[in-house]
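Visitor: The structure follows.
Just so it is clear, none of the values below were taken in a lab; they were calculated from the coordinates. What you see is a predicted model, and the numbers here were worked out from it, not measured in a lab. Here the Cβ positions follow ideal geometry from the backbone for every residue, glycine too, while neighbour counts run over all protein chains shown.
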Amino acid sequence: MVHPEDYDKIQASIDDQIADTGNQHNMDYVVYRIIRKDGTVRWVDDYGHFATLPGYGEVYYVFIGDITDTRLAAEEKERAEGLALALEAAEQANVAKIAFLSNMSHEIRTPITAILGMNEMIQREAEAPGILEYSENIRKAGVSLLGIISDILDFSKIETGRMELQNEDYSLSSVLVDLYNLVRFRTEAKGLDLEFSIDPSLPRILFGDEIKVKQIISNLLTNAAKYTEKGRVVFEMKLEEKLSDSVRIAVSVTDTGIGIRKEDMERLFEPFDRLDPKKTRSIEGSGLGLAITRQLLSLMGSDLKVESKYEEGSKFFFILTQKAAVEKPIGPIDIDRLAHENPDSSRKHALFTAPGMKLLVEDDTPMNLQVIAGLLKRTRMHIDVAVSGEECIKKFGADH
Ligand code: ADP
């Protein structure tokens, strides 16, 4: 039986053939479906043809062939080609998106750095408390914006495979002090307990990418502090296993915060995705931190794991494998005492003066030159500036 949807097509073809009386010896070709007795559908092609047969006179006869297999193969090929095209278009769109994010964040970083630099000069020179308060707010907003922009840059670097590890020797205690200093302002402001539990048998000097290790742990510590209103944040580093020249360290950050719903767990690492909007709307964030953290860990051959109870708290943990550059153990650590002995180095102002010294600074953004010259004013050095490499070489040459 002819497939009902194809009746009209066949009828039209026969009508054409009958109407075309002047040309009745042309072949008529039509493709349609038939339904077999067992209900299966087959594709056929059908050649219709008028002819005069001796003894029969004018007849119209048809050849019908089953073309189902070739037809399905062609359809499958077309579908696969369509999919490949769609995939390519999606990949191109993704590359364009990442390139846009990367260029945009790079462009935005330059003026923010200038704003923060200018603001630092206001903080150093202004005395009126009102102005200093405005200026402190500019600093906080600027630093937070810079954090978001850096996250976007990192994310685009990871997505395009341009993120690489820079391994070198580093001191574990100096990393711990930096992390402690970074997070304690947040926890102190919220009245949270901050506990660092560090295994004394960990090696004193490790070999690995210190900046990225710090970035991973500080993302987790900052989140713990951000998403906890009461209770505590505990950071733990435990020697899990000692291998011939490296160590496996179990690292964890535990909080007593808002927790994560079971059904939200899968979305936790989605870039730009933030969970539980009712609770997190007023907390700053871009939804990129965990996506970056997980990718950085994967660069180091590790994986980020989470355990959480909604409204009770969360634990983020992973295994960090680093070479032991100096095996001597770090020993018992009193992190609070250490942190007070080594205040955050980035907050130190220039403590030296060098009157007589000449300094030539080159940057293609004139405002940055103004900032650098302003920030170094206290050193009483003679500062000269150049806005291009060419000008720099010229000025350097003239002086030497
Ligand atoms: P951000 O904090 O910038 O929004 P993240 O990628 O670091 O981005 O985190 C994604 C989301 O996961 C957060 O918006 C928050 O909803 C949830 N989240 C992350 N860490 C915690 C935590 N310690 N406790 C509860 N929720 C968390």
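Visitor: For the chain, modelled as a Gaussian network with Cα springs under 10 Å, which listed residue fluctuates most, Glu88, Glu76, Glu229?
Guide: Glu76
Visitor: Can you tell which of Met237, Met118, Met381 shows the greatest fluctuation in a Gaussian network model of the chain with Cα springs below 10 Å?
Guide: Per the Cα network of the chain with a 10 Å cutoff, Met381 tops the list.
Visitor: Bin by bin, in steps of 10 Å, what percent of the Cα pairs in the stretch 168-346 do you find, going until the bin that has the longest distance?
Guide: In whole percents, the pair-distance histogram is 9, 38, 36, 15, 2.
Visitor: Let me ask something else about it. Quote the charge dipole size of the stretch 88-159 about the Cα centre in Debye, to the nearest 20; the model charges only the Cβ of Lys and Arg (+1) and of Asp and Glu (-1).
Guide: About 60 debye.
Visitor: Exposure proxy check: Thr280, Thr228 ranked by fewest other beta carbons within 10 Å? Intermediate results must be reported in sequence, preceding the final value.
Guide: Details: Thr280 15, Thr228 21.
Ordered from fewest to most neighbouring Cβ atoms within 10 Å, Thr280, Thr228 come out as Thr280, Thr228.
Visitor: Something else about it: For the chain, what are Rg and Dmax over the alpha carbons, in angstrom?
Guide: 35.5, 123
Visitor: On a 0 to 90 degree scale, rounded to 10, what angle separates helix 389-399 from the longest Cα axis of the chain?
Guide: 30
Visitor: Given the Cα-Cα distance of Phe185 and Ala89 and 0.36 nm per residue of separation, how much length would full extension add, in nm? If you can, show how the numbers build up before the last one.
Guide: Working: separation 96, 0.36 × 96 = 34.56 nm, distance 4.65 nm.
Full-extension gain reported as 29.9 nm.
Visitor: Which values of log₁₀ I(q)/I(0), to two decimal places, follow from the Debye formula for the stretch 358-399 at q = 0.31 Å⁻¹ with a uniform point scatterer at every Cα?
Guide: Taken in order of the listed q values, log10 I(q)/I(0) reads -1.06.
Visitor: Excluding residues on the same chain fewer than 8 positions from Lys394, give the lysines whose Cα lies under 26 Å from its Cα.
Guide: Hits, sequence-local ones excluded: Lys358, Lys377.
Visitor: Hey, another quick one. Give the angle, between 0 and 90 degrees and rounded to the nearest 10, that separates the Cα long axis of helix 210-226 from the longest principal axis of the Cα atoms of the chain.
Guide: On a 0 to 90 degree scale, this one is about 90.
Visitor: Farthest toward the dipole's positive end in the stretch 258-355, which of Leu297, Ile330, Gly259, given Cβ charges of +1 (Lys, Arg) and -1 (Asp, Glu) about the Cα centre?
Guide: About the Cα centre, the residue reaching furthest to the positive side is Leu297.
Visitor: Here is a follow-up. Quick one: which of Lys157/Lys214; Lys214/Lys262; Lys238/Lys323; Lys262/Lys305 span more than 25 angstrom between C-alpha atoms?
Guide: Long pairs (Cα-Cα over 25 Å): Lys214/Lys262.
Visitor: Would you mind checking Lys230/Lys309; Lys226/Lys315; Lys37/Lys77 for any pair whose Cα atoms are more than 24 angstrom apart?
Guide: With Cα atoms farther than 24 Å apart: Lys37/Lys77.
Visitor: List the lysines whose Cα sits under 20 Å from the Cα of Lys9, skipping any in the same chain fewer than 8 residues away.
Guide: none
Visitor: Per DSSP H run of at least 4 residues, take -39500 (n - 2.57); add these up for the chain, divide by its residues and hand me the 222 nm value, nearest 500 deg cm²/dmol.
Guide: -15500 deg cm²/dmol
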